[in-house]
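Undergrad: Could you have a look at this structure, given as structure tokens, before my questions?
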Amino acid sequence: MEALGKLTGGVAHDFNNVLQVLRGNLELLSVRHSMDTWTRERLDKAVQAIEKGAKLSAHLLAFGRRQPLAPDVVNVGDMLRGMDDLLRRALGEDILIETVISGGLWNAMLDTHQLENVILNLSINARDAMPQGGKLTLEASNAMLDDDYTHSLEDVPSGQYVMVAVTDTGTGMTPAVMQKAFDPFFTTKREGEGSGLGLSMAYGYVKQSGGHIRLYSEVNHGTTVKMYFPRSTGTVRERSPDNARPAVGGRETILVVEDDRIVQATVIEMLSTLGYAVLRAGDPQQALTVLRSGARIDLLFTDIVMPGSMSTPEMVRIALSLVPRLKVLYTSGYTQNAIIHHGRLDTDVQLLSKPYSRDELARKIRHVLDASDQAGNAPASARKPASRQVLIVDGDPELLEATCELVRLLGHEPWPAASAEDARALFERNNFDVLLTDLKLPGMSGRVLSR
């Protein structure tokens, strides 16, 4: 299982980066240009294919117990009741849905979004097992797993659990099929009708959540999947979902740290279309150089898996020591163990998993930035420095462009010059407040130029 987890994680990181570039550029194309119906339909189909690929990647990570979980104290009964409309739309009119919630149901510590995905996948499997229609029963109750039950099971301690069951009246499984049911990509459906990842995803999610899963089935009678999650004595908190927020942009400055140049360029363009000022860095060392430059930065948006000797968490630790009010948003197609321990996101960590849409990016960015405003930070528009005319001289075109961008974001007006001769020509026509020059220039040193 450990080897499979590493394999799926490595593939997911690169695969999700590719999906991010595809989705980001398709959405940028959609925003930039007005299109006829035919073109719009083609773009929509391409985005749907990307979403399908993202789900495949997520299912593999779930089975390998590598998906990032953000658990909170939840009442599973309330969650199941809230899924009624979604399930009725997904399953159709031929499937009768019944939800049975026991009184006094205990709370559990779960990632609600991922559990909803598991329930939806199991329900779709049940629908496919009932081609002539039938009944789907969702059940939640308290359960006690004693020593007699758990002594022969690995990683299942005895104690109090919340049991969630999904039962159908479909065709059922033979004992041979049941033995392979949790294997990834195993399916009894015809080619093209299913990925064979529904049950394996459920298995991985339950195990990563510290729970236990059992499968019961009888041919021509139906199937039951029972999931047991450890009881939590915590209190349920009311939380508004990110998708309830409007997808709007802002005027703040964001530093994007991403080693994949194509992904980096796509994300910068997405943020720019949302109105943000954007700086870029290709690795943690470059990011810290930008932060030490004094540029006003409101949010650090960084990939987790980065090359080089410095890890992303170490970079973030130093960044926060340099800019204590800096907000941090992580992103990745695969998080390894950098911000996840025991299968769960570290406390107060904000993560946006790749591939994400432009709207998802907008909502998450605003969620993180608005939290900082509530903490008392002044909005970016209220912190404008006095503007200065800055002549910047550097023979390296990339460094010249990057320095001009930094100076502009500091609120000053940069004037680029690629040589001492160009700088002197600008001197004759303009009055500058500051000269910022490289010491080693073609034809003349920066020290001589400054005199």
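The values are calculated or read from the model by the stated rules, or taken from the named source; none is laboratory data. The structure displayed is predicted, hence computed values, not measured ones. With ideal geometry, Cβ positions are generated from the backbone for all residues, glycine too; neighbour counts draw on all protein chains shown.
Undergrad: May I ask you to list the residues in the range 106-132 that are more than 19 Å from SER232 (Cβ to Cβ) and surrounded by 14 or more Cβ atoms within 10 Å (Cβ to Cβ)?
TA: ASN117, LEU120, ASN121, LEU122, SER123, ILE124, ASN125, ALA126, ARG127, ASP128, ALA129, MET130 - these are the residues of the range 106-132 that are more than 19 Å from SER232 (Cβ to Cβ) and surrounded by 14 or more Cβ atoms within 10 Å (Cβ to Cβ).
Undergrad: What number of residues in the range 145-186 are closer than 17 Å to THR223 by Cα and of a type in the set (A, V, I, L, M, F, W, C)?
TA: So the count comes out to 11.
Undergrad: Hey, can you tell me all the residues within the range 289-319 that are aliphatic (A, V, I, L, M) and crowded, with 18+ Cβ neighbours inside 10 Å?
TA: If the condition is that a residue be aliphatic (A, V, I, L, M) and crowded, with 18+ Cβ neighbours inside 10 Å, then VAL290, LEU291, ALA295, ILE297, LEU299, LEU300, ILE304, VAL305, MET306, MET315, VAL316, ALA319 are the ones that fit.
Undergrad: Among the residues of the range 63-78, count how many are at pLDDT below 90 and surrounded by 19 or more Cβ atoms within 10 Å (Cβ to Cβ).
TA: Number of matching residues: 8.
Undergrad: Need a quick list: helices (runs of 4 or more DSSP H) entirely within the range 107-193 having at least 1 residues that are of a type in the set (Ser, Thr, Tyr) and modelled with pLDDT under 90.
TA: Counting at least 1 such residues, we get 112-128, 147-150.
Undergrad: Which pairs turn up if I take residues in the range 357-368 that are within 15 Å of THR253 (Cα to Cα) and look for partners that are surrounded by 21 or more Cβ atoms within 10 Å (Cβ to Cβ) and of a type in the set (S, T, N, Q) with beta carbon separation below 6 Å, at least 6 apart in sequence or on another chain?
TA: Between residues of the range 357-368 that are within 15 Å of THR253 (Cα to Cα) and residues that are surrounded by 21 or more Cβ atoms within 10 Å (Cβ to Cβ) and of a type in the set (S, T, N, Q), there is no close pair.
Undergrad: Further question on the same structure: Inside the range 383-451, counting only strands (runs of 3 or more DSSP E) that do not spill past its ends, which hold 3 or more residues that are assigned by TED's automatic domain parsing to the domain that holds ARG280, closer than 23 Å to ALA277 by Cβ and among the hydroxyl-bearing types (Ser, Thr, Tyr)?
TA: By residue number, no strands (runs of 3 or more DSSP E) qualify.
Undergrad: Suppose the filter is surrounded by fewer than 15 Cβ atoms within 10 Å (Cβ to Cβ), among the charged types (D, E, K, R) and more than 19 Å from ALA402 (Cβ to Cβ); does ARG325 pass it?
TA: For ARG325, the condition - surrounded by fewer than 15 Cβ atoms within 10 Å (Cβ to Cβ), among the charged types (D, E, K, R) and more than 19 Å from ALA402 (Cβ to Cβ) - is met.
Undergrad: Collect the residues in the range 269-286 that are part of a helix (DSSP H, G or I) and within 21 Å of the chain's Cα centre (by Cα), keeping them in residue-number order.
TA: Answer for the range 269-286, where residues must be part of a helix (DSSP H, G or I) and within 21 Å of the chain's Cα centre (by Cα): GLU269, MET270, LEU271, SER272, THR273, PRO284.
Undergrad: Another one. Hey, VAL368 hits all of (1) under 24 Å from ASP72 (Cα atoms); (2) at pLDDT below 90 but one; which does it fall short on?
TA: The number of the failed condition is (2).
Undergrad: Which pairs turn up if I take residues in the range 81-100 that are farther than 18 Å from ASN117 by Cα and look for partners that are in a helix (DSSP H, G or I) with beta carbon separation below 6 Å, at least 6 apart in sequence or on another chain?
TA: From residues that are farther than 18 Å from ASN117 by Cα, the pairs are ILE95/ARG127.
Undergrad: Which one of these is over 23 Å from LEU399 (Cα atoms) and under 20 Å from the mean Cα position of the chain (by Cα): VAL323, VAL316?
TA: VAL316
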